Each structure stands twice: as C-alpha cells, then as structure tokens.
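This report concerns only the one structure given below.
No lab work stands behind these numbers, since they all come straight from the coordinates. Computed from a predicted structure; not experimentally measured. Because the Cβ atoms are built from the backbone with ideal geometry, glycine has one as well, and the counts that use them run over all protein chains shown.
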Amino acid sequence: MPSTSASAKNSSTVERKPTLLVVDDEEGPRASLKVVFSRDFEVLIATNGREAVRIAKEHAIDVAILDILMQGMSGVDVLRELKEIDDGIEVIMLTAFETLDTARQALRLGAREYLNKPFDIPSLRTAAAKALEKRRANLNVVEIQAQFASLQRELQHRGEQADIAKETGAIYGSVLHDLNSPLTVINGFIELLHRQVNNTSSVEGNELEKMRSGIARIHRQVIRCIEISRRYLGYLRSGQTDLDSYVAINQVLADLQELLVKHPSCEGNELTVQDLDPDIVALVHGTDLLQILLNLTINALQACNTPHRVEVVAQSLPASFDLTSFKDDPTTRFVAAEKFQPNVKFIAISVRDNGPGMTDASLQKAFNEQFTTKPAGKGTGLGLGIIKRLVTQARGAILLSTSPQGTKFTVFLPEKTL
C-alpha cells in the first residue's frame, strides 16, 4: 500500500502534468526516452536503481520505464521498491535479454508491460498512454474513497456529540436514514471500480468510458450526501425549510433510477420508472423529493422476499382535481398538510408494487414514528415518518392504498406555474 506521504502527494496528481520516471544505466536510452516523452510528461531521469528509489520518495510518480538489467539494483528490484512506495505506479519494463522467468517475476510484482530493446517508439508511446489512463483511474478511486471515509468520519463525529443528539436525536436519525441509500450506492460503485482497476491490464475504449461514468456517478452521490447533510443542518438552525424551492420531476426520476440500479434491494426484482411527457416542475426541494421517492421505492422493493414488480409513475393532474375527496377507510390512509394552497395544480407520483399488501395493523400505524415491519437490524421505522414530514412541509399530501394484490403510495405535490 502507498505510504501516507505518498498518498498526500498523489491527491493532486490528476491536476498536474503527469510524471514519468526513466531508469536506465545507459545514456542512449535515457536521452531518447526523455526526448520522446518530454511533451506529454514531466520526465525524471535516474541512472541506477538507488537513484530511482530516492526520486520516487521525493516525487509523485505516475509511470516508470525501467531497464531490467542494470548495475547494482536490477529493474525487478527497483520495481519491488517502487510498488512499496506507491503500489499505484504503473511500470513498463524494458530489456534486451528477455527470459521467461524474468518476465513472469516482473508481471507478478505488478509490472504493466514487458517490452524488448531496441524499443519501438509508437508501441512504447501507446504503452505509456495506457499506463497513464489506468494510473488516473486508480487515483480517482483513491480520492473518492478518501471523500467517502471523510464523510463517514463526520457522521460518526456527529453521532458522538451526545449533548446535541439528546436535543435533536430525531433529526440526526433522519440524516443517517436518508444518507443510507446514496452511501450504499457509493460503496457499491467503489467496489466495482476497484475490481475493474485491479483486474484490467489496460484501460481504454469502452472499459475506460465505464470507469469514467462510474467515477462521475460516485461524485454525484457524494455531492448528494453533502446536500442532504446541509439540508438537515439548515433545518436545525432555522427550524424551517425553504418553501420557494422547486425541481423538474424528470431529473429526480432519472436520479432515482441511477441510485437504484446498483442497490441490493433491486436485485431479482423488476423496477420501471416512467418519465413525464412533457416534464413538469414541482414546488419541493429536489433533495427532499429524491429522499421521498427513494424511501418509498426501496420499501416497495423490500415488500416481500420473492421477485416482484415495482413501478414509479408521475402524472400531472387537472386543475379540477379535488384532493379533499380522499378519506381514510379500511384499505386507505390519507395524510395531508393542514391547509392546501388555493387554486394550485398538483402533480401525482405513484410508487406501487404487486407484493402481498399490508396488514390492517400495519396500515393504521404506517406513518407513526419508529414503526417498522422489518426484522431487527433491517429497519429503523424512520422512512415513512420522514416522508410524511417532507411532504407536509411542501404543502402536499400522501395517499396510501393496499390490497392483497399490492400496495400503492401516491405523493401529491403542488405544481410550479410558469
């Protein structure tokens, strides 16, 4: 693993010009390689293995080109030392006297490629470019892991502040609950990228695009976690939310689908998310709406242990639609803000599953704080309580209906008029 000092140096590697270390005890190859790569890299030269190790300790090296046969330390010994300093350095080995055992040893120690002297410049350029792409992908994953770990430490720190937790325990419980879904996705993508980076000898074409897409998704989820935290901390400070916030529904639905693609609850089940056509803007904070739909959809995906179908559908309601006509009955619960805004059109977003439905007792207690039907350790009872609070703050309503053929939650939110 990289040392602490190496990790600190590498955190900004992507921002600077990449560094290439050339190690060869012959003047000719050293001079040639410096000319070949000086345009694309900051090229550092070492005339022997000991000098190469010293340079690697003082500089963040991205790619190294090593001659395998040198006086003193061999290229294989230098390779081993470089990997101990920073195991993310991509190493290309050069030799005029190739043997199968030496090649195997170099590759086993983490060399990326093994090329013969006299080297072919186009092939060496290609090898260096591929090595740099993999190095950058690996650095991005390391940086994301650091952000992820920092966020987890911050959450733990918040949880340890006992005096604050006593006063605002419900709010912190809500924060941890709401962060669970994006954190699950972040962790899944990090694991996937680690496997891709470690198991791929070259990163190019479709594989490179997949990694870039995965890294971009992780960044979005980290930003989302930060936004959720800020929303709750803002609520703690002021005791109220911003009623002037609004968001386009299709953007939230796209985020919802992206979040759930890698979520464990989706495995084995069928999930469909239907966009609005045309798109509509709702009077609700985008992060709040995403948390509402995430909680409802994950609950629906976990409705039973057998494969089932979950659908998320949004629609614009006519201006004449009367929400006050909904009443509680043995199969229905209706939760609404104390006072609807007059002359407002509503958007309805439904999350329905074809599971076994809810029991009468569960239906009556569904929106109670701390109520959950999940086994110990599987649920907090915070989900529907959070949904109720966020929807009523947005001056909306929730309709819950259930039967042996499935359960349906419909969230009604005021539409923003242009």
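Would you tally the net charge around residue 307, using a Cβ to Cβ cut-off of less than 10 Å, leaving residue 307 out, and scoring K and R as +1, D and E as -1? Could the numbers behind the result be given before it?
Working: positive: 309; negative: 267, 270.
For residues surrounding residue 307, the net value is -1.
Of 344, 35, 247, how do they rank once you tally other Cβ atoms within 10 Å and put the fewest first?
Values: 344 16, 35 11, 247 20.
With the sparsest Cβ surroundings first, the list reads 35, 344, 247.
Restricting attention to region 274-353, which chymotrypsin sites (Phe, Trp or Tyr not before Pro) occupy a DSSP loop and are surrounded by at most 15 other Cβ atoms within 10 Å?
Qualifying residues, ordered by number: 321.
Would you list 389, 50 from fewest to most Cβ contacts within 10 Å? Could you put the intermediate results ahead of the total?
Values: 389 18, 50 14.
Ranked by crowding around the Cβ, least crowded first: 50, 389.
Could you state, as a whole-number percent, how many of the C-alpha pairs of region 247-414 are farther apart than 28 Å?
Working: 2333 of 14028 pairs.
Cα-Cα pairs in region 247-414 separated by more than 28 Å: 17 percent.
Spin-label point model (7 Å from Cα, Cβ direction): what's the residue 364 to residue 261 distance in nm?
Calculated label separation equals 4.4 nm.
Report the local net charge at residue 334: Lys and Arg +1, Asp and Glu -1, summed over other residues whose C-beta lies under 14 Å from its C-beta. Please list the in-between numbers first.
Details: positive: 327, 333, 388, 408; negative: 322, 328, 329, 338.
For residues surrounding residue 334, the net value is 0.
Work through the residues other than residue 406 whose Cβ is under 12 Å from its Cβ and net out their charges, Lys, Arg +1 and Asp, Glu -1.
Taking every Cβ under 12 Å from that of residue 406, the sum is +1.
Label-point separation (nm) for residue 17 and residue 58, each offset 7 Å from Cα along Cα-to-Cβ?
Simple spin-label model gives 1.8 nm for this pair.
Can you pull the one-decimal nm distance between simple spin-label points at residue 324 and residue 40, each 7 Å off the Cα toward Cβ?
Calculated label separation equals 7.1 nm.
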